[in-house]
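Structure record follows, encoded as structure tokens.
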Amino acid sequence: MLKINDLRASIEGKEILKGINLEVKPGEVHAIMGPNGSGKSTLASVLAGREEYEVTGGAVEFSGKDLLEMAPEERAAEGIFLAFQYPVEIPGVTTINFLKTAVNEIRKYQGLDPLDAAQFLKMVREKAKLVNMNDSLLKRALNEGFSGGEKKRNEIFQMAVLEPKLAILDETDSGLDIDALRIVSEGVNKLRTPERATIVVTHYQRLLDYIVPDYVHVLYKGRIVKSGPKELALELEEKGYDWIKAEVEAETAQ
Amino acid sequence: MSTETIDLKTRLVTDFYAREAVMNGEAQSEFHQTKRKALGIFEDRGFPTPRNEEWKYSNVRDLISHQYQFTGEHAVTEEVIDSLRIANLTGNILYIVNGRYEASLSTIVSPADQLQIKPLHEAIKERPELVSTYFGQLAKSESDSFTALNTAFAHDGVFIHVPAGKVVDHPIVIRFISDARAENVGSNPRNLFVVEQNAQVKIAESYRTIGEERSFTNTVTEIFVAESANVEYYKVQNEAEKAYHVGTTHVRIVDNSHFYSATVSLNGGFIRNNLTIELDGQHCEAFMYGLYFPDGKQHIDNHTLADHRQPNSYSNELYKGILRDRSTGVFNGKIFVRQDAQKTNAYQSCKNVVLSPDATMNTKPQLEIYADDVKCSHGTTTGQLDEEALFYMRSRGISKNEAMTLLMYAFCEDVVSQIKIDAIREHLEGVITEKLAKK
């Protein structure tokens, strides 16, 4: 589904991603871990199409198409969803109106008729229930004055509504207490299907107790330096990142 | 190009004396003497130039380089009015066409004990004492040439009197129509609203132009809000590319009274709005909201003044603007706190989104404070749409255009939602949606 080949990207002339290789198949959950500044969030942003980053090399194929050629909205319509580390507050635009516009723009892209108000409302109510999202939040301005937990839950709710093929969760656990973390993770787990792939970007192993990955990758200095099964996350939790850093330094020295 | 040899000012002054010559005995009346004095001031000062600090960014050179027909003649029929109707609008709806009050087109639904509405010249005849107590007390000819000009030609416009304790259920909507289909037209509408103690009323002024020729509207509104009264005042401008509008609204509020205003300028070639609120009492509150959305080569200038004269009063101001193409905007907002006005709370904010490198916004917030125990703040921002918000929306599948439209609509809605006459608010939302879709 997603094939990343030697992806390089920089911001303001500084290279952050230095050759990423990764393949994600339908239904798989990949965790991307790594110390601060290793490029985890950059990878998530580049996949979603954030324009501040300049792709300087490599290729990304998504469902057989060249992802890097697409505008952010086209990527969304093709089925990529990024749950933001810091969801943006948008005063004056209600969550419900925002989502209705999003759903119908995506349907238009896919050549489908727009949902009418009744169909849309029915669908949204079901999805809200799925992620324990309070109806009253839907009528409020998008994320405005939401708590950290509410914002993250709203991200997962949007994901439920938009039904992406590939969900990228960027540090979804950051700033969440354990209860909020559990609620958000349950939402993500309910949305797991054999078709839908997930990339979980996180600094801590904690989130992976709830969202259990098939693969764990360690990103360091802009490259994936180690990949392994879910047990790798536990090892990282136990030993920290220093041994990985040491391994990499040793390799570079050779 | 024109063969006209006399300028607009000379023409207006000549016009005044020609009218006076056929007035018979009325020329001796007190009211006419006021007008004559105003004319003298206008004649003396002439139109302002950019050398005048108050007019630095709004040059009236183009406005005064044309001639206008000020007779009030027009060809507006019921049919034309029908085409200008605001959907679902009910209440007291008055039409002033080319400066002339049109009783046959107007509808007054509120009972006479709740509300008196008359064309100004009738009110002068029928209630001379009431009118002379208030007329010209706020908008002074000495302070501004356009006010002097308006006063000199004050004839029609609307006089509203709400007696003490009356709550007017239906809004009053005054629609000023410039019929510029046949020729350039000019008008000097003059309004006087007197709202007595403990009374409540909603009043809207709406300005429209029809036709391709030029229009020059020079309007003055004086509003007196007595103790514990509550007034909502909306000014809505959706005029044509060749419309020049200079409008002054001067308000006085006193003890425990409340005044809410929203000035929404969506279209017009050249617009200058002056809004002055005197807070001349304790525990009174004034809210000033504004929205301007020029495009093309339109120019919209808002000058506001919150003049705190007594202790314990509150004012809050929010003006927002979106500028496109080669349009220009001006915001000049002043908070004036006099020495006696201790414990004043006064807030001001002006936010602008400039969408084109060729558009210009000039903002000048001014605080002038002579009391020492006050809370005042002001802030202006001028920038582009929030990039982070745009990316967030696009990442959900919303196209860049649609995302910009949503953000701009929300930006406008902040002000438009303050308008409590539903039909007018919905009408404006429609105009904004249409204007946003133009790009």
Once you charge only the Cβ atoms, +1 for Lys and Arg and -1 for Asp and Glu, what is the size of the charge dipole of the protein assembly as shown about its Cα centre, to the nearest 20 debye? 300
The residues B:Met361, A:Met1, B:Met393, sorted from fewest to most surrounding Cβ atoms within 10 Å, come out as A:Met1, B:Met361, B:Met393
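Out of the DSSP beta bridges found with both residues in the protein assembly as shown, what percent are antiparallel (nearest 5)?
15
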Taking the dipole of the protein assembly as shown about the Cα centre (Lys, Arg +1; Asp, Glu -1; charges at Cβ), the one of A:Ile224, B:Ile424, B:Ser315 that reaches farthest to the positive side is A:Ile224
Looking at chain B only, what percent of DSSP beta bridges run antiparallel? Nearest 5 please. 5
The protein assembly as shown - mean residue ellipticity at 222 nm from DSSP helices (-39,500 (n - 2.57) per run, n ≥ 4, rounded to 500): -9000 deg cm²/dmol
Phi-based couplings in Hz for segment B:304-310 (Karplus 6.51, -1.76, 1.60; Gly and Pro marked x): 10, 9, 9, 10, 8, 10, 10
Order of B:Lys35, A:Lys100, A:Lys65 - criterion: other Cβ atoms within 10 Å of each residue's Cβ, fewest first: A:Lys65, A:Lys100, B:Lys35
Select from A:Ala48, A:Ala83, A:Ala102 the residue whose mean-square fluctuation is largest in a Gaussian network model of chain A (Cα-Cα springs shorter than 10 Å). A:Ala102
Under the Karplus relation 6.51 cos²θ - 1.76 cosθ + 1.60, θ = phi - 60°, what is the ordered set of whole-Hz ³J(HN,Hα) values for segment A:139-154, x standing for Gly and Pro? 8, 7, 4, 3, 6, 6, x, 6, 6, x, x, 5, 4, 5, 5, 4
Find which of A:Gln205, B:Met23, A:Phe81 sits farthest along the positive direction of the dipole of the protein assembly as shown, computed with +1 on the beta-carbon of Lys and Arg, -1 on that of Asp and Glu, about the Cα centre. A:Phe81
Amide H proximity to B:Thr382 below 5 Å, modelled H, separation 5+ or other chain, gives B:Asn352
In peptide A:68-80, what is the residue-averaged number of other protein chain Cβ atoms found within 10 Å of each Cβ? 4
Rel. contact order, % - alpha carbon contacts under 8 angstrom, at least six apart, segment A:109-254: 17
How high is the relative contact order of chain A, in percent, with contacts defined as C-alpha pairs under 8 Å that are six or more residues apart? 28
Using θ = phi - 60° and the Karplus form 6.51 cos²θ - 1.76 cosθ + 1.60, what ³J(HN,Hα) does each residue of segment B:165-180 get, whole Hz, x for Gly and Pro? x, 8, 10, 7, 6, 9, x, 10, 10, 9, 9, 9, 10, 9, 9, 9
Average partner chain C-beta neighbours within 10 Å, per residue of B:385-392? 6
By the mean-Cβ-within-10 Å protection proxy, highest first, B:77-83, A:214-220 rank as A:214-220, B:77-83
Once each part is reduced to its C-alpha centroid, what is the distance from segment A:106-122 to segment B:390-432 in angstrom? 20
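Is there a simple number for the mean count of other chain Cβ atoms within 10 Å of the Cβ of residues in A:101-108, and what is it?
5
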Which residues qualify? For B:Lys242, with a placed amide H closer than 5 Å and at least 5 residues away or on another chain, they are B:Gly269
The relative contact order of segment B:8-280, taking Cα pairs under 8 Å that sit 6 or more residues apart, comes to a percentage of 16
With the charge dipole of segment A:1-151 built from beta-carbon charges (+1 for Lys and Arg, -1 for Asp and Glu) about the Cα centre, the Cα from A:Leu22, A:Thr95, A:Phe62 projecting farthest to the positive end belongs to A:Thr95
In degrees, nearest ten, helix A:95-109 long axis to first principal axis of chain A (Cα): 80
For B:Lys125, counting only lysines whose alpha-carbon sits under 19 Å away and dropping same-chain residues fewer than eight positions off, the answer is B:Lys35
Cβ-placed point charges (K, R +1; D, E -1), dipole of segment B:386-439 about Cα centre in debye, nearest 20: 200
State to the nearest 20 debye the size of the charge dipole of chain A about its Cα centre, where the only charges are +1 on K and R beta carbons and -1 on D and E beta carbons. 580
Amide proton proximity set for B:Glu205, modelled H, under 5 Å, gap of 5+: B:Ile174, B:Tyr234, B:Lys235, B:Val236
Listing B:Ile124, B:Ile398 by rising number of other beta-carbon atoms within 10 angstrom, fewest first, gives B:Ile124, B:Ile398
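Coordinate-derived values only; no laboratory data. Just so it is clear, the model here is predicted, and its values are computed rather than measured. Don't worry about glycine lacking a Cβ; one is built from the backbone with ideal geometry, like all the others, and counts go over all protein chains shown.
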